[in-house]
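The values are calculated or read from the model by the stated rules, or taken from the named source; none is laboratory data. The structure displayed is predicted, hence computed values, not measured ones. Note that we place each Cβ from the backbone using ideal geometry, even for glycine, and neighbour counts take in every protein chain shown. Note: accessible area is taken over every heavy atom of the protein model, side chains too, but ligands, DNA and RNA are not part of it. Shrake-Rupley method; radii C 1.70, N 1.55, O 1.52, S 1.80 Å.
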Amino acid sequence: MEKAATGAILNPVEDRFVSDDALAPAFFEWLCRMGDSALVLGHRVSEWCGHAPALEEDIAMANTALDLIGHTQMWLGLAGEVEDKGRDADALAYLRDALQFRNLLLCELPNGDMGVTIMRQFLFDARHYALLMRLTGSVSPRVAEIAAKAVKEASYHLERSSDLVVRLGDGTDESQRRMQAALGQLWPYVDEMFVADAVDEAVAKAGIAPDPSDLKAEWEETVRSVLAEAMLDMPGPAGFAQTGGVIGRHTEHLGYILAEMQFLQRAYPGARW
Amino acid sequence: MYAQMVKSEGMKSRDEMTPEEQAFQDRVDRGEKIEPKEWMPEGYRKTLIRQIGQHAHSEIVGQLPEGNWITRAPTLERKAILLAKVQDEAGHGLYLYSAAETLGVSRDELTEKLHSGAMKYSSIFNYPTLTWADMGAVGWLVDGAAIMNQVPLQRTSYGPYSRAMIRICKEESFHQRQGYAIMMKMAEGTPAQKEMAQDALNRFWYPSLMMFGPSDAESVHSAQSIAWKIKINTNDELRQKFVDQTVPQAEYLGLSIPDDNLRWNEEKGGYDFSEPNWSEFFEVIKGNGPCNRERMNARVKAWDDGAWFREGLYAHAEKAAHRRAAATTAAE
């Protein structure tokens, strides 16, 4: 497969964490989590292309998807370097099966109507932005460098999704009903964004990334204020949270995403495109 | 070239023109740009709305055949490039609808006419994209054909249309190079990839030739549009230019143009080639092409399903304006 050029960092800065063998397994897993969430959400958003309710939305969603695919190239590219087994971003994206995918479940949920799509984006963006802001101060220069680039885009994503949540929540009765329903449908998936496991603990201990549970307060603050402005009710604790995406236990939806996304690489092994 | 068979108003001789019409024609002949608030003949305005509207619709419907492969693009880089391309096309639609709006028609009115079938879009987008090579063929041939028409239209007499074309042409030529790059990879790839590349050329060759519209001998609307500089070249001139440019590119790829009659004609300094099947073209225009119904259903569904979304945004804008007004009153 070809080395992805777009978004790749040409002259990487020195980073001792990239060649730290002891840390490599956890660091690789964590980078796959970052890359896979961007990839799978980017895939979902790109499904709207040409089918959005207004031309401006077609453009904005293609733009969001494009940003997320760019993030994927950077995170999975670095994951390949850390793993050091000759896999590049494309090999990781196109030649792993669902069990090896590490994205959040939230990202793979079907688009539903625009209400679900926008609400999913907002819940993700609020956490994505908080996370990337912290990562700009990572002890790993490579991680900090990627985060610095990605956070500019994530900041715009959050601004846009917050704005749409407010306008649709405080719009017509129907738009409010749909936004509230979307929130209820997605709520069981939010806790997964803040659960820490051994991988998170290892990268947090090394100073590479924050513990995900540390992001919750900031996320809640953002979500609470936007939902209040949107006249939407913030659901209570999710109860039984849906988790497992980051360790490879997915919903039924991911298999179909991968079947579609990976079709050419699987059907024509070794071909160059 | 996303406008085909645009109906133009009847041509007038100079003697038949009113003094205003004569003065207008003189401005066009001098190469002056006509701007939105200036006087223009009603026929000029109507013809432009049809042409720019059809072009805009083509950009919007044109998202669909390429959007069809975004989720299946074979590498992350190809996916990013394709996304950017489809996004550009939506952007072109936006410039063009804005240009049409300067003529006194709203985007929503034009959209309704597209959905009701009262306005058309380019016939080319009613053909399916069946393999990844089609992403190459669409960029190379379809954008290539579009550029043939759009480059001269940068000099069109209507200011907003001309300026939209200048922006669009920059992006289109980039798209064409990207399409050709995909074709190069496929043509130098595995036997299966080469087969896909040749098949894509076989399927898209004649529909691309049809993009220029029927021969000028049968085109009743050309003369007036050419006088108004809404149309710069005849359909046949552009088609010939396209064939002459494309044949060597196909040879470079090692692919064959699916036309046994293709010959270099020394005398005319261009290729002789077979005409496309015009009865197929008229069927596609009438709505009977391979994907007409799917394309229109997809657009109508996007519009109808999105009604609540647009209404929500309008309602919010009204509430916000009302609140601002109330706050201003309270402050006074």
Quiz item: If you take the residues of segment B:295-313 that are surrounded by fewer than 14 Cβ atoms within 10 Å (Cβ to Cβ) and facing chain A (nearest Cβ under 8 Å), which of them is farthest from A:Trp48 (Cα to Cα)?
Solution: B:Ala307
Quiz item: If we keep just the residues of segment A:168-211 that are farther than 30 Å from A:Leu31 by Cβ and without any contact (Cβ under 8 Å) to a residue 60 or more places away in the chain, which is farthest from the other protein chains (Cβ to nearest Cβ)?
Solution: A:Gly184
Quiz item: Of all the residues that make up segment A:88-100, how many are more than 13 Å from every other protein chain (Cβ to nearest Cβ) and either buried (at least 23 other Cβ atoms within 10 Å of the Cβ) or under 27 Å from A:Ala22 (Cβ atoms) (or both)?
Solution: 3
Quiz item: Out of (1) surrounded by fewer than 24 Cβ atoms within 10 Å (Cβ to Cβ); (2) on the phi < 0 side of the Ramachandran plot; (3) in a loop (DSSP other than H, G, I, E, B), the odd one out for A:Asn103 is which?
Solution: (1)
Self-check item: From B:Gln176, B:Gln198, B:Gln193, residue being within 14 Å of another protein chain (Cβ to nearest Cβ), assigned to a helix (DSSP H, G or I) and either in contact with a Cys (Cβ under 7 Å, 6 or more places away or on another chain) or among the polar types (S, T, N, Q) (or both)
Solution: B:Gln193
Quiz prompt | All helices (runs of 4 or more DSSP H) inside segment B:206-321 with 2 or more residues being within 28 Å of B:Ala90 (Cβ to Cβ) | solution = B:235-253, B:292-305
Practice problem: Please tell me if A:Asp113 is open to solvent by 20 Å² or more (accessible area, probe 1.4 Å), more than 21 Å from A:Asp67 (Cα to Cα), charged (D, E, K, R) and away from chain B (no Cβ under 14 Å). | Solution: no
Self-check item: Selection count where residues are touching a residue at least 40 places away in the same chain (Cβ under 8 Å) and closer than 18 Å to B:Phe242 by Cα, scope segment B:107-159
Solution: 18
Exercise. Test each condition in (1) part of a helix (DSSP H, G or I); (2) within 9 Å of chain B (Cβ to nearest Cβ); (3) open to solvent by 10 Å² or more (accessible area, probe 1.4 Å) for A:His51 and report the one that comes out false.
Key: (1)
Self-check item: Complete set of residues in segment B:213-268 that are open to solvent by 40 Å² or more (accessible area, probe 1.4 Å) and among the hydroxyl-bearing types (Ser, Thr, Tyr)
Solution: B:Tyr252, B:Ser256
Quiz item: Considering only segment A:32-48, how many residues are open to solvent by less than 10 Å² (accessible area, probe 1.4 Å), at the interface with chain B (Cβ under 7 Å from one of its Cβ atoms) and more than 18 Å from A:Asp90 (Cβ to Cβ)?
Solution: 0
Quiz item: Looking at (1) more than 15 Å from B:Val105 (Cα to Cα); (2) more than 9 Å from chain A (Cβ to nearest Cβ); (3) open to solvent by less than 50 Å² (accessible area, probe 1.4 Å); (4) of a type in the set (A, V, I, L, M, F, W, C), which is the one condition that is false for B:Ile81?
Solution: (2)
Quiz item: For the subset of segment A:230-259 comprising residues that are assigned to a helix (DSSP H, G or I) and more than 18 Å from A:Asp191 (Cβ to Cβ), which member is most open to solvent (accessible area, probe 1.4 Å)?
Solution: A:Tyr256
